[in-house]
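Novice: Input: one structure, supplied below.
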Amino acid sequence: MKKILIVEDEKQLSQVMCLYLSKEGYECITAYNGTDGEKLLNEDTFDLVILDIMMPGKDGWSLLRKIKSQGDTPVIITTARVEEDDRVFGLELGADDYMTKPLSMRELVLRVKLRISSINSLKETEKNNLISLGTLKINEQTHVVTVNNETIPFTPKEYNLLVFLCRNINIVFSRDKLLNEVWGYDFYGDTRTVDTHIKKLREKVSLCKSNLKTIWKIGYKFEWSETNE
């Protein structure tokens, strides 16, 4: 169940928002001022925050800054202030959406659904773009390779070769096949190019020393099983 924090000093409005969102399957936690909202944020994690701007104590702007400085939790601003400068200011601070009062509950529910769906899609994309083999992590979106959380630099061809082998674990590839897949059919070098790059991978990634296997007279494979975890 997705958890939503509502920071709103109008108790009746807060209760109505909770009612509508609860019907959609969301768990709602409420705070009636910025100070209590900050305390709840320090104690728990939330999938989304609905944040009023004008509140006693710590105002919404201050709380928004804090939320965005600590992570990517989506924030929907709700306020009676309709000036364009306020909307621009809120978005510049990192607000993900901005709604002016009086609120339409149907619209609020829809915006919440869209924001959470967007975050879920982003997380799924990040998951699909991550190769994780024990201590070896490859982020295909950022092209960052880490071993034991330490970033390892690679040339473009070293990186492409490593990704190809790790995407196809336990499959033996000939040197010619690796040349075609990584360097392309129009590459005029010979298979010693593959050997050189395999050697570099073994030097740079400790995991490759034991898991990157040479198959005699055939080629190479990245050997891996669940027991390696």
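Novice: Among (1) surrounded by 13 or more Cβ atoms within 10 Å (Cβ to Cβ); (2) modelled with pLDDT of 90 or more; (3) under 26 Å from the mean Cα position of the chain (by Cα), where does Thr155 come up short?
Specialist: So the condition that Thr155 fails would be (1).
Novice: A follow-up question, please. Would you check if Leu64 is under 20 Å from Glu10 (Cβ atoms) and in contact with a strand residue (DSSP E or B) (Cβ under 9 Å, 6 or more places away or on another chain)?
Specialist: The answer is yes for Leu64.
Novice: Here's something else I'd like to know. Where residues in region 43-58 are in contact (Cβ under 8 Å) with a residue 24 or more places away in the chain and out of contact with any strand residue (DSSP E or B) (no Cβ under 9 Å at 6 or more places or on another chain), which of them is nearest to Ile116 (Cα to Cα)?
Specialist: Only one residue tops the list, namely Lys58.
Novice: For region 173-192, state whether one or more residues are assigned to a loop (DSSP other than H, G, I, E, B), among the polar types (S, T, N, Q) and in contact with a helix residue (DSSP H, G or I) (Cβ under 7 Å, 6 or more places away or on another chain).
Specialist: Within region 173-192 (the criterion being assigned to a loop (DSSP other than H, G, I, E, B), among the polar types (S, T, N, Q) and in contact with a helix residue (DSSP H, G or I) (Cβ under 7 Å, 6 or more places away or on another chain)), the answer is yes, since at least one residue qualifies.
Novice: A follow-up question, please. Would you point out which residue out of Gly94, Gly71, Gly34 is surrounded by fewer than 15 Cβ atoms within 10 Å (Cβ to Cβ), small (Gly, Ala, Ser) and modelled with pLDDT under 95?
Specialist: Step by step, each of Gly94, Gly71, Gly34 is checked, and only Gly71 is surrounded by fewer than 15 Cβ atoms within 10 Å (Cβ to Cβ), small (Gly, Ala, Ser) and modelled with pLDDT under 95.
Novice: Next question, about the same structure. Is region 86-103 home to any residue that is more than 16 Å from Arg115 (Cβ to Cβ), free of Cβ contacts under 8 Å to residues at least 24 places away in the same chain, out of contact with any strand residue (DSSP E or B) (no Cβ under 7 Å at 6 or more places or on another chain) and not hydrophobic (A, V, I, L, M, F, W, C)?
Specialist: There is at least one residue in region 86-103 that is more than 16 Å from Arg115 (Cβ to Cβ), free of Cβ contacts under 8 Å to residues at least 24 places away in the same chain, out of contact with any strand residue (DSSP E or B) (no Cβ under 7 Å at 6 or more places or on another chain) and not hydrophobic (A, V, I, L, M, F, W, C).
Novice: Would you confirm whether any residue within region 171-179 is among the small types (Gly, Ala, Ser) and surrounded by fewer than 13 Cβ atoms within 10 Å (Cβ to Cβ)? Break it down into steps so the answer makes sense when it comes.
Specialist: Going through region 171-179, the residues among the small types (Gly, Ala, Ser) turn out to be 174.
With surrounded by fewer than 13 Cβ atoms within 10 Å (Cβ to Cβ) added as a condition, the list becomes none.
No, region 171-179 has no match at all.
The values are calculated or read from the model by the stated rules, or taken from the named source; none is laboratory data. Just so it is clear, the structure is predicted and the values come from calculations on it, not from any experiment. Here the Cβ is made from the backbone with ideal geometry for all residues, glycine too, and neighbour counts use every protein chain on show.
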